[in-house]
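Below you'll find the structure, written out as C-alpha cells, and then a few comments.
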Amino acid sequence: MFRALFLFDVTFWLYLAAVVLYFSYLATSRTVLQPAMAGHPAETTVKEGSWAEMLGLLATWVTFFGLIVNGMALGARAYERMQISGTFAPWSNQFEAMAYVSFATIAGYLLLELKYGIKAIGAFVVSIGFIAMGAASLLPYRYQTAEPLVPALNSYWIYIHVSITLTSYAAFAMAGGLGVMYLLKERAERRGMAATSVYATFPSLEKIDELGYKAVMVGFPLLAFGTILGAMWANYAWGGYWSWDPKETWALIVWLIYGAYIHARMNRGWEGHRAAIYQIFGLLMVVFCFWGVNFLLSGLHAYA
Amino acid sequence: MDATTKETEESKPFTFKEFGDALLEFFSSLKLAIFLMITMAILATVGTIIQQGERPEVYIKEYGETAYWWFVKLGFIDIYHTWYFSSILVLLCINSLTCFQQRFPAIWRSIRQDKVNVTVPFIQSLKRSATVGLAAERGHVTEDMALAFAARGYRVLVNKGDAETTIYATKGIMGRVAAHVAHLSVTLIVIGGILGNVVGFRDFGVCIEGETYHIPQGNFDLHVDKFWIDYYDNGAVKSYNSTLTVIENGESKLTKTITVNDPLVYKGIWFYQSSYGDSWDRVEKARVVVREKATDKVVGEAILEWKKEAVFKDLGLKLQLTDFVADFGFDAKDRRVYSKTVEHENPAIKLAITEREQTLTSPWVFYNYPDLFDIQGSKYKFELTGYLAKKFTGLQITKDPGVLLVWIGSTLLVVGVTLSAAIYHRRVWAKVVPGPQGQGVTVYVGGTAYKGQIDFDREFNRFTERLNARGSQAV
Ligand code: HEM
C-alpha cells in the first residue's frame, strides 16, 4: 500500500510535466503555423505540425495519468482516514481540499478537451490545477497529515457539502484560466499577431468567452448547492442554519459576485473583455474564500 | 382658466401611471439587481473583516477609539442586522418579484404559442442564418426539416401557406422558467429568515447531569440523564454526548442521546449538543488536607464528594463539601459569594465542619491561598489541594418556524439555478419558398440561442449540413 503523501508527490510532478508539455505544444504549434498561413488565412485551417501533434497527445495522456494518480492519492488518503477515525472524506483539511480542487479542475479540463478538442486551454487550466497541487504541497507537514476530525466535522455531511463546494471552486478556476486566455488573445489581436503567433492555436475570442461563461454556469449552481448543504449541516451541528461565520459569509459573497456577473452579462453586455477581467477577479475572490478566510479570518470554519 | 384645469385633469392620471411604470421599471431592472448583489457582497465583506459582536475593548485595542466610535455609528460591529443590510435583502426580494411579474408572463405565453409567422429578413437578421437552394419538393423538405428538429428534441410548429411554409422549432424554454423559479425562491428564503427572527428564539443552556430544567417556551421539563465525552486513541476529543429525557406533566415522553451532529427535537424545539466545559459552581469531588494548628503537621486527608459527609473518627471531625466557586467573588451588599467569571481563576470550596459534635462556622477554603482564614474554635486548618470540576453540557435550545420555508426556498433555488444553467433556450425558424423561376425551393433558416452559443452553432451547422447534403442528393 502506497502512502497517500507519496502519491500526492507523484501527482505534483506529473502535473508539472503536463504543464510543460502543454506549453511546448503551444510553442511548437507556432513554428509550423507560419507557412500554412499564407495560403489559408482562415483560422480553421490551423494545422499542428507532427511535433506539436505528438506533444499535444503526450500532454493529454500525462494529464490523464496525473489525474489517475491524483485520484489514487485521494483514495489512499480516504483509506488512511478510515483507519484512524471511521470517516473517509479525503477533503477534511486544507491540504486534502486543495488536492481535491486540483483533481476536480483537471478532471473538468479533460472533459472539456474531450468535448471541444481545444488543447491550447490546457496550458492555462492545467496550470491552475498544478498551482493548487503545488500550493498544497508547500503547506507545512503537519497540515498534510490526516488528523482525526473534531466532533463537529465528524459527520456524513462532510462528504457532500465539502466536495460540492470544492467542485464549484474548480469550475470558477477554469473560468479564471479562460479569462486570462481571453485577455492574452485579445492583446495579440490588437497587436495584429494573433494569426501568426502561438495565439493562433487559441480558439476564437467568442469561443473562449462562451466557455468561460459556461464554466461559471457550472460553478454557480454547485456553489449554491454546496452552501445550502452547509447551512443544513450547520442547522444540525451548530443549531442555526446561518450564523454569518466568515467562511459561509464568503461563500455567499463569492456567490453574489458571480450572480452579478450572470445578470450583468445578460443586459449590460458584460461579455468579452469585461467578462474576462471579471472572471479573473472572481477567481481571486474564490481563492480568498478558500485560503484567505482560513488563514486570515477567524471563525467556526477555522479548522477546515 | 378652464383650459388649464382641463389639462391638469387629463394629465394627472397619465403622469401618475407614468410614475408607476417608471417605478416598476426601476424595481424590476437588472441594474438594480446587479447593484444590490454587489452592495451586499461589499457589506458582507466588511462584516468579515471587522469582527462582529465583540466587546468594545477588543475594537478599541485593535482600531483605536475614534474608529470604534465610527464603527458603532455605522453599525459595523453588527452589520448583518443593521437597517441598511436588511433593506438590501428586502429590496432584493422586491426586485426579483417585480422582475418575475414583468417578464414571466411573456415566457409563459411562449410555452403555449409562439411566433410562427416571421419574414425572411427577420430570419436573415438572426445571429446564425443560412440560405440553401434545393431541387426538391416543398412538402418533402418541410417534413425532412421538421423531423431533423424533432430528432434533436425541438418542439416543431409548421405553418403551411399557399406558396411558402414556415417552420418554427424551439426547445429549452424550461431553462428560463427555472431561472424565474430561482427568483421566487429568494423571497421564500428571506421570508423564512425573517419569520425565524421574529417568532423563533435561540437560547443557550448550561446543564448539569442529573438535573431537571424547565423549558418555558414549550411548557415541559428536560432532564439530563447523563453526559460523557468520547476520545480518539491519541487523546483528542471524538464526540460529546448527553442523554436527555423530556418530561411533560410528570410523564417521561422521550429519551434520546444527542451528540454534536444529532439534536433532539420535541414540540418544534431543538436541543443541540453545542459545547461542554467545567462548571463554575459545582465539583464532583475535592481533596482536602487536614493539619493540626499547633504542630502544622498533616493529620488527615480525604477526598470529599459533593455534599456528602466525610468522617475522621480519630480526629472527632466531620466534613462536608457544600459549595464551590471557580472565581471567588463577594457581593458586599447582599453578603453573597459568587463566581466572578466562568474561568477557574480563584477556586474555593465551602466546608461544613463538625468538630466534637459541635458545628463550627463554615469557612471558604481557597485553592490558591491556603492560609487565608483562621477557623475559630477548631484545632485544625484545612487545605484544598485538588478538585475535579463537574462537567456541564452546553445545550443550544432553538425554535425556528421559518426553517421549513428556508429549506423549501433553498431547494427551489438549487433546482431553479441548476436547470437554468443546464437547459438552454433555442429557437430556429425556417421558411421554405419556391426557388428562382419556380425551380425547386429556397430554404431560409436562422436561429438564436438565449445562451450557449457555441453548442447551438454546432447544432445549427448540423442542420444546415443535412440540408445541403439533401440538396446534393437531389441534384
Ligand atoms: C439573488 C438572487 C438571484 C438569483 C439566484 C438569480 C438567478 C438567475 C439565474 C440562474 C438566471 C439564469 C441565467 C442565465 O440564463 O444565464 C437568471 C436570469 C435572470 N435574472 Fe436572476 N437571479 C437573482 C436575482 C435577480 C433579480 C433581483 C433580478 C431583477 C431584475 C433578476 C433578473 C433576471 C432576469 C431578467 C433573468 C433572465 C430571465 C430570462 O430568462 O428571461 N434576477 N437569474
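The values are calculated or read from the model by the stated rules, or taken from the named source; none is laboratory data. Since the structure is predicted, the reported quantities are computational estimates derived from the model, not experimental observations. Note that we place each Cβ from the backbone using ideal geometry, even for glycine, and neighbour counts take in every protein chain shown. With ligands, DNA and RNA removed, areas are computed over all heavy atoms of the protein, side chains included. Shrake-Rupley method; radii C 1.70, N 1.55, O 1.52, S 1.80 Å.
Return yes or no: is B:Trp280 aromatic (Phe, Trp, Tyr), away from every other protein chain (no Cβ under 14 Å) and open to solvent by 60 Å² or more (accessible area, probe 1.4 Å)? Can you show your working first?
Values: aromatic (Phe, Trp, Tyr): yes; away from every other protein chain (no Cβ under 14 Å): yes; open to solvent by 60 Å² or more (accessible area, probe 1.4 Å): yes.
Criteria met by B:Trp280.
From the list B:Ala136, B:Ala148, B:Ala130, the lone residue that is open to solvent by less than 30 Å² (accessible area, probe 1.4 Å), in a loop (DSSP other than H, G, I, E, B) and over 30 Å from B:Ser28 (Cα atoms) is B:Ala136.
Just checking, does the range B:169-176 include any residue being within 14 Å of another protein chain (Cβ to nearest Cβ) and either away from the ligand (no atom under 16 Å from the Cβ) or open to solvent by 30 Å² or more (accessible area, probe 1.4 Å) (or both)? The answer is yes, given that some residue of the range B:169-176 is within 14 Å of another protein chain (Cβ to nearest Cβ) and either away from the ligand (no atom under 16 Å from the Cβ) or open to solvent by 30 Å² or more (accessible area, probe 1.4 Å) (or both). Scanning the range B:416-449 for residues that are facing another protein chain (nearest Cβ under 9 Å) and open to solvent by 30 Å² or more (accessible area, probe 1.4 Å) turns up B:Thr418, B:Leu419, B:Ala422. Scanning the range A:232-286 for residues that are within 17 Å of A:Lys214 (Cβ to Cβ) and either touching a strand residue (DSSP E or B) at 6+ places or on another chain (Cβ under 7 Å) or facing chain B (nearest Cβ under 7 Å) (or both) yields a count of 4.
Output yes when any residue across the range B:376-390 is within 14 Å of another protein chain (Cβ to nearest Cβ) and surrounded by 19 or more Cβ atoms within 10 Å (Cβ to Cβ), and no when none is. No, the range B:376-390 has no match at all.
Contact map, the range A:277-290: first residue over 13 Å from A:Tyr182 (Cβ atoms), second residue among the basic types (Lys, Arg) and surrounded by 19 or more Cβ atoms within 10 Å (Cβ to Cβ), Cβ cut-off under 9 Å, separation 6 or more or different chains; pairs are A:Cys289/A:Lys247. Of the set (1) at pLDDT below 80; (2) open to solvent by less than 50 Å² (accessible area, probe 1.4 Å), all apply to A:Tyr141 but (2). In the set (1) away from chain A (no Cβ under 14 Å); (2) touching an Asp or Glu at 6+ places or on another chain (Cβ under 9 Å); (3) closer than 24 Å to A:Asn235 by Cβ; (4) within 16 Å of the ligand (Cβ to nearest atom), B:Tyr213 fails one condition alone, (4).
Filtering B:Phe122, B:Phe149, B:Phe204 for residues that are more than 16 Å from the ligand (Cβ to nearest atom) and within 14 Å of chain A (Cβ to nearest Cβ) leaves a single hit, B:Phe204.
For the range B:339-379, residues that are part of a loop (DSSP other than H, G, I, E, B) and of a type outside the set (Val, Ile, Thr) total 22.
Here the range B:104-127 is the region considered, the condition is being of a type in the set (S, T, N, Q) and either under 27 Å from B:Arg470 (Cα atoms) or free of Cβ contacts under 8 Å to residues at least 40 places away in the same chain (or both), and the residue that is surrounded by the most Cβ atoms within 10 Å (Cβ to Cβ) is B:Gln124.
Hey, could you check the range B:31-54 for residues that are without any contact (Cβ under 8 Å) to a residue 40 or more places away in the chain, part of a helix (DSSP H, G or I) and aliphatic (A, V, I, L, M) and say which is farthest from the ligand (Cβ to nearest atom)?
B:Ile49
Residues in the range B:49-103 that are away from chain A (no Cβ under 14 Å), open to solvent by 50 Å² or more (accessible area, probe 1.4 Å) and among the β-branched types (Val, Ile, Thr): B:Ile60, B:Thr66, B:Val72, B:Val90, B:Ile94. Looking only at the range B:191-212, residues that are over 29 Å from the mean Cα position of the chain (by Cα) and either within 30 Å of B:Gly409 (Cβ to Cβ) or surrounded by 17 or more Cβ atoms within 10 Å (Cβ to Cβ) (or both) come to 1 in all. May I ask you to verify whether A:Ala99 is open to solvent by less than 30 Å² (accessible area, probe 1.4 Å) and modelled with pLDDT under 75? Against the criterion (open to solvent by less than 30 Å² (accessible area, probe 1.4 Å) and modelled with pLDDT under 75), A:Ala99 does not qualify. Among residues of the range A:52-76 that are within 24 Å of A:Thr87 (Cβ to Cβ), those with a beta-carbon under 7 Å from a residue that is surrounded by fewer than 19 Cβ atoms within 10 Å (Cβ to Cβ) and among the β-branched types (Val, Ile, Thr) at least six positions away or on a different chain give the pairs A:Val69/A:Val10. Determine which single condition B:Asp400 fails, assuming it passes every other condition in (1) under 30 Å from B:Cys93 (Cα atoms); (2) out of contact with any helix residue (DSSP H, G or I) (no Cβ under 7 Å at 6 or more places or on another chain). Unmet condition: (2). Checked against (1) within 12 Å of another protein chain (Cβ to nearest Cβ); (2) open to solvent by 40 Å² or more (accessible area, probe 1.4 Å); (3) over 18 Å from the mean Cα position of the chain (by Cα); (4) within 16 Å of the ligand (Cβ to nearest atom), B:Ala179 passes all but a single condition, namely (2).
Hey, among the residues in the range A:243-295 that are within 16 Å of the ligand (Cβ to nearest atom), part of a helix (DSSP H, G or I) and of a type in the set (Phe, Trp, Tyr), which one's most open to solvent (accessible area, probe 1.4 Å)? Here the residue is A:Trp255.
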